[in-house]
Amino acid sequence: MKEGGLAEDDKRLRRDLGLKEVVFFGVGVTLGAGIYAIIGEAALVSGNMVWLSFLVASFVALLSAFSYAELSSRYPDAGGEFEYVNQVFGRSPAFVIGFLVAVTGIVASAAISISFAEYLSVVYPLNRTAAAIGIMLLMAAVNISGIKHSSKTNMIATAITLAGLVLVVLFSIPDLGSVDYLEMPPSGSVGILSAGALIFFAYVGFEDVVKLAEETENPRENIPKGLILSNLIVMVIYLMVSLSLVSVIECEGLGGVEGPLSHLMRSKTGFVGASLMAVFALFATSNSILTNVIATSRIVFDMGRESTILKPLTYLTPGLGTPLTGTLLTSAAILAFILIGDLKTVAALSNMFIFAVFFTINVTAIASRFRPGEEARFKMPLNIGKFPLISVVGAFSILMLFIYNLGNLGFP
């Protein structure tokens with residue numbers, strides 16, 4: 001295998017990752033900036049039952065994770081969604097879904113880079129645009145340096161991010177049980193589901209695990225295991241953090257609060273605790289940028305392998321075997337969105353894009369059962385004949401969140 005130059009048709013990335021690294025990647029890419037930023041807004045909508053909104057979002061994410069798991073065990077390819085749709089429905093739909101996935105990753109990375117800059121300004125005053133550009137370029141360089149280096153960086157950052165969330169839970173233990181966790185919000189079940197749709201942003205990222213298929217040993221088994229395990233780990237962590245937040249701080253007091261978890265730590269330990277939580281958030285956001293750049297550059301790389309026009313995007317870093325031109329293009333696009341400035345509306349729309357992607361993946365998992373070819377090593381349980389019930393319910397649940405998320409965007 002050549003490690004530099006244009007990728008040939010049989011070109012594959014270097015396999016350096018085991019199950020442990022895959023699980024850490026899945027947890028790391030999911031436990032990013034979302035939980036640090038979105039939990040306060042969600043609690044304003046669903047009140048003390050924000051924990052149920054997290055369960056709704058995690059359940060929907062888990063259903064789609066099963067669809068991803070089966071597809072990844074049948075088509076272990078760095079292109080992820082692009083390759084699955086390509087195998088089942090053909091090239092044209094595949095390029096559409098690949099473009100949507102890439103745009104979602106790019107916009108999310110830009111938004112998280114700006115979020116990093118805002119957290120950094122709490123600890124050390126810097127020009128926010130310069131800080132956002134700086135962290136993005138640093139994470140791109142880590143990505144280019146090799147997947148093993150990227151994986152080690154991710155594992156360290158994930159451990160630190162986890163430590164911050166564990167700290168929140170530990171300091172909140174004396175307050176657990178102090179509120180009625182079954183108190184319905186003023187908007188009733190609509191508020192719970194709307195918050196669930198909003199919270200889904202905090203779960204987005206687990207699907208990027210499948211893009212490590214060509215860099216993982218025994219991917220037909222390790223990728224599905226990594227998907228399911230990382231989802232279950234994140235589900236438990238998010239449930240505990242959401243219960244901790246509403247136990248310590250009244251939901252009405254979260255309006256206009258930046259960094260709700262820092263606000264929680266400030267109420268418990270003062271300025272030192274709040275600053276420490278900001279540092280944890282810096283690791284969380286930087287790790288999210290890294291994993292987003294890794295995943296997006298891989299799908300750009302795979303699209304290049306399937307198109308003569310995009311062939312230059314398959315150039316690999318000499319001696320390292322990482323997607324060089326794919327990473328550079330991804331980084332340039334992220335920089336452009338950072339320089340635009342206000343990304344709130346664009347970032348909100350990115351959630352809609354990912355719902356469209358997840359719906360398509362569930363449908364693809366159903367359709368793949370009726371396609372000839374190698375059988376999947378991992379098969380979803382609960383089937384009626386060839387129909388996987390999990391994917392059917394997953395598709396409908398994604399549609400439900402899509403509809404409720406329209407309200408979060410200001411639609412009636």
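The values are calculated or read from the model by the stated rules, or taken from the named source; none is laboratory data. Only a predicted model underlies this, so the values are computations on that prediction, with no experimental measurement involved. Quick reminder, even Gly has a Cβ in these numbers, built from the backbone with ideal geometry, and neighbours come from all protein chains shown.
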Looking at Met235, Met240, which one is over 17 Å from the mean Cα position of the chain (by Cα), at pLDDT 90 or above and closer than 27 Å to Leu170 by Cβ? Met240
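Give the residues of segment 73-95 that are surrounded by fewer than 18 Cβ atoms within 10 Å (Cβ to Cβ) and of a type outside the set (Phe, Trp, Tyr), sorted by residue number. Lay out the reasoning, then the answer.
So in segment 73-95, the residues surrounded by fewer than 18 Cβ atoms within 10 Å (Cβ to Cβ) come out as 90-93, 95.
Selection gives Gly90, Arg91, Ser92, Pro93.
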When the residues of segment 254-295 are narrowed to those that are modelled with pLDDT under 85 and not in a helix (DSSP H, G or I), which ends up surrounded by the fewest Cβ atoms within 10 Å (Cβ to Cβ)? Gly256
Residue under question is Ser151, and the condition is that it be part of a loop (DSSP other than H, G, I, E, B) and either loosely packed, with under 14 Cβ neighbours inside 10 Å or among the polar types (S, T, N, Q) (or both); does it hold? no
In segment 357-370, residue surrounded by the fewest Cβ atoms within 10 Å (Cβ to Cβ) [restricted to those that are within 28 Å of the chain's Cα centre (by Cα) and aromatic (Phe, Trp, Tyr)]: Phe359
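Taking the stated definitions as given, is Ala131 in contact with a Lys or Arg (Cβ under 6 Å, 6 or more places away or on another chain) and without any contact (Cβ under 8 Å) to a residue 40 or more places away in the chain?
Details: in contact with a Lys or Arg (Cβ under 6 Å, 6 or more places away or on another chain): no; without any contact (Cβ under 8 Å) to a residue 40 or more places away in the chain: yes.
No: the conditions fail for Ala131.
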Residues that are under 29 Å from Ser267 (Cβ atoms), assigned to a helix (DSSP H, G or I) and aromatic (Phe, Trp, Tyr): does segment 193-201 have at least one? yes
Right, Leu126: within 30 Å of Leu276 (Cβ to Cβ) and either touching a His at 6+ places or on another chain (Cβ under 8 Å) or buried (at least 22 other Cβ atoms within 10 Å of the Cβ) (or both) or not? no
Pick from segment 311-334, criterion at pLDDT below 90 and of a type in the set (Gly, Ala, Ser), ranking: nearest to Gly105 (Cα to Cα): Gly326
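Would you check if Leu401 is within 26 Å of Met139 (Cα to Cα), buried (at least 19 other Cβ atoms within 10 Å of the Cβ) and at pLDDT 85 or above?
The answer is no for Leu401.
Can you say whether Ala376 is part of a helix (DSSP H, G or I) and among the small types (Gly, Ala, Ser), as far as the supplied structure shows? Working first, answer last.
Values: part of a helix (DSSP H, G or I): no; among the small types (Gly, Ala, Ser): yes.
Here the answer is no, as Ala376 does not meet what is asked.
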Selected residue (criterion: surrounded by the fewest Cβ atoms within 10 Å (Cβ to Cβ)) from residues of segment 371-398 that are polar (S, T, N, Q) and in contact with a helix residue (DSSP H, G or I) (Cβ under 6 Å, 6 or more places away or on another chain): Ser397
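When you check Glu215 against the structure, is it acidic (Asp, Glu) and crowded, with 24+ Cβ neighbours inside 10 Å, yes or no?
Numbers: acidic (Asp, Glu): yes; crowded, with 24+ Cβ neighbours inside 10 Å: yes.
Judged against the criteria, Glu215 is a match.
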What single numbered condition from (1) under 18 Å from the mean Cα position of the chain (by Cα); (2) closer than 22 Å to Leu329 by Cα; (3) not polar (S, T, N, Q) fails to hold for Gly134? (1)
